[in-house]
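Engineer: If you scroll down you'll find the structure; I have some questions about it.
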Ligand code: G3P
Ligand code: CA
Ligand code: CA
């Protein structure tokens with residue numbers, strides 16, 4: 001006690017072992033003055049306890065206790081007998097409390113993120129999203145999927161992307177889901193049922209990517225198991241309002257009654273898995289003969305003026321669009337009701353035969369995914 005800084009009057013700590021220049025305090029460390037970290041040779045100055053669940057019960061005696069949750073990557077502080085979330089300091093998108101704006105925003109915030117489930121809030125609502133963080137730099141948000149559960153049903157409850165109420169001239173726009181703000185299904189079941197997220201109409205994007213994912217595929221395998229994957233890269237969506245919702249609603253409505261030569265945009269795609277020859281081999285041979293691979297086309301009609309929403313992987317040059325395009329309105333006159341359904345008349349000459357006007361089984365039994373970036 002000579003009046004100089006750092007002077008010790010006495011020690012009351014029993015040190016059992018000193019190694020690697022560390023001191024372990026088994027009980028409380030009580031410091032009456034400031035605790036000052038000089039940072040000499042160490043980047044981490046203060047590290048709190050990390051735990052999967054609260055390391056101590058929060059009662060009044062514990063007020064001020066802070067710990068870091070390894071589960072939701074959030075700091076908690078005990079105050080007034082309960083834990084409060086102190087800050088969202090995990091990467092954006094990792095918790096519902098801390099959503100990213102989109103998969104692209106999450107990727108931009110942390111380039112190391114991998115494909116999988118995240119939380120996004122493109123506008124009003126926070127929703128769970130599946131992100132492709134790999135393809136062409138990543139940042140793709142899964143917004144919807146078109147699943148054909150039973151092509152023989154001809155517009156029953158499973159046909160949300162055409163008509164769930166049968167084939168009828170009274171339903172020219174069908175269920176209208178391409179151009180309304182309904183939502184259905186779930187992101188983890190997108191290969192098992194029709195799926196439409198808020199992101200379909202809320203997330204503004206420049207380009208779309210499509211996957212053809214074998215029906216029933218688990219969420220962990222969407223990208224790995226996809227039969228085909230391809231994306232646009234010319235930013236075409238910007239000129240149509242930034243979503244497929246606005247493209248259909250404001251520019252190319254899904255509704256019976258157009259002429260076959262009134263075709264919506266055919267946008268060139270880059271193949272990420274598959275090729276022009278690959279999709280040709282999966283299409284019905286007659287569709288192959290009247291279409292061009294390497295595109296995705298929106299809103300076409302057929303000979304009988306039925307409206308189809310999307311021709312995945314192709315530009316449909318002919319007029320029997322019901323064999324190579326998906327979704328649409330609720331009125332398909334030719335062979336009624338044979339062409340009504342989410343995959344329309346892909347089964348015209350026999351289910352999955354890959355002959356004449358019928359697509360192959362592999363393509364017919366794969367859900368079409370839509371992703372935005
Ligand atoms: O789309 C094909 C249909 O219009 C003609 O079929 O069976 O008469 O050759 P089909
Ligand atoms: Ca369906
Ligand atoms: Ca036809």
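Engineer: Return the single residue from 221, 179, 128 with maximal mean-square fluctuation; model: Gaussian network over the chain, springs between Cα atoms under 10 Å.
Structural biologist: 221
Engineer: Now, a different point. Give me 202, 334 ranked fewest to most by other Cβ atoms within 10 Å of their Cβ, as a rough exposure proxy.
Structural biologist: Listed from fewest to most nearby Cβ atoms, that is 334, 202.
Engineer: With the crude spin-label approximation of a point 7 Å out along Cα→Cβ, what separation in nm comes out for residue 150 versus residue 351?
Structural biologist: Distance between label points: 1.0 nm.
Engineer: Still on this structure: Please state, rounded to one decimal and in Å, the Kirkwood hydrodynamic radius that the range 100-213 gives when every pair of distinct Cα atoms enters the mean of 1/r.
Structural biologist: It works out to 15.1 Å.
Engineer: Can I get the semi-axes of the chain's equivalent ellipsoid? Compute them from the C-alpha gyration tensor as square roots of 5 times the eigenvalues, in angstrom, largest first. Don't jump to the answer; show the numbers that get you there.
Structural biologist: On the way: eigenvalues 677, 77, 60 Å².
Over the Cα atoms of the chain, the semi-axes work out to 58, 20, 17 Å.
Engineer: Taking 0.36 nm per residue of separation and subtracting the Cα-Cα distance, what length does fully extending residue 54 through residue 32 add?
Structural biologist: Extra length from residue 54 to residue 32 when fully extended: 5.3 nm.
Engineer: Treat each spin label as a single point 7 Å out from the Cα along the C-beta direction, and report the residue 276 to residue 71 distance in nm.
Structural biologist: If labels sit at residue 276 and residue 71, their model points lie 5.4 nm apart.
Engineer: Let me ask another. If I model a spin label as a point 7 Å beyond the Cα along the Cα-Cβ vector, how far apart are those points for residue 85 and residue 184 in nm?
Structural biologist: Calculated label separation equals 3.2 nm.
Engineer: Test of understanding: in a Gaussian network model of the chain with alpha carbons linked when under 10 Å, which of 340, 78, 319 would top the mean-square fluctuation ranking?
Structural biologist: 78
Engineer: Using only Cα atoms, locate the centre of the range 293-311 and the centre of the range 317-355, then give the distance between them in Å, rounded to an integer.
Structural biologist: For the range 293-311 versus the range 317-355, the Cα centre distance is 11 Å.
Engineer: For a footprinting-style exposure proxy, rank 193, 132, 159 by other Cβ within 10 Å, fewest first.
Structural biologist: 193, 132, 159
Engineer: In addition: Once the cut-off is 12 Å, how many percent of the Cα-Cα pairs in the range 314-362 end up in the long-distance tail? It would help to have the intermediate numbers written out before the result.
Structural biologist: On the way: 701 of 1176 pairs.
Pairs farther apart than 12 Å: 60 percent.
Engineer: Continuing with this model, one more query. When the expected Rg is taken as 2.2 N^0.38 Å, what fraction or multiple of it is the alpha-carbon Rg of the range 59-151?
Structural biologist: Compared with the compact-globule rule of thumb, the range 59-151 sits at 1.41.
Engineer: Can you work out D for the range 221-369 in µm² s⁻¹ from Stokes-Einstein, where Rh is the Kirkwood radius over C-alpha pairs, the temperature is 37 °C and the viscosity is 0.692 mPa s?
Structural biologist: Working: Rh = 15.3 Å.
Rounded to a whole number, D works out at 215 µm²/s.
Engineer: What ranking do 103, 58, 155 get, fewest neighbouring Cβ atoms within 10 angstrom at the top?
Structural biologist: The fewest-first ordering by Cβ neighbours comes to 58, 155, 103.
Engineer: Based on the Cβ-Cβ distance of residue 63 and residue 126, what FRET efficiency does E = 1/(1 + (r/R0)^6) give at R0 = 25 Å, to the nearest 0.05?
Structural biologist: With a Förster radius of 25 Å, E is 0.20.
Engineer: Here's another thing I want to ask about it. May I ask you to compute the full-extension gain from residue 259 to residue 108, defined as 0.36 nm times their residue separation minus their alpha-carbon distance, rounded to one decimal in nm?
Structural biologist: 50.0 nm
Engineer: OK, next. Any chance you could run the full-extension gain for residue 117 through residue 22? It's 0.36 nm times the residue separation minus the Cα-Cα distance, nm to one decimal.
Structural biologist: Length gained, residue 117 through residue 22: 30.2 nm.
The numbers here are math on the coordinates, done by the rules we state, and not lab data. Small disclaimer: the values here were computed from a predicted structure and weren't measured. Backbone-built Cβ (ideal geometry, glycine too); neighbour counts: all protein chains shown.
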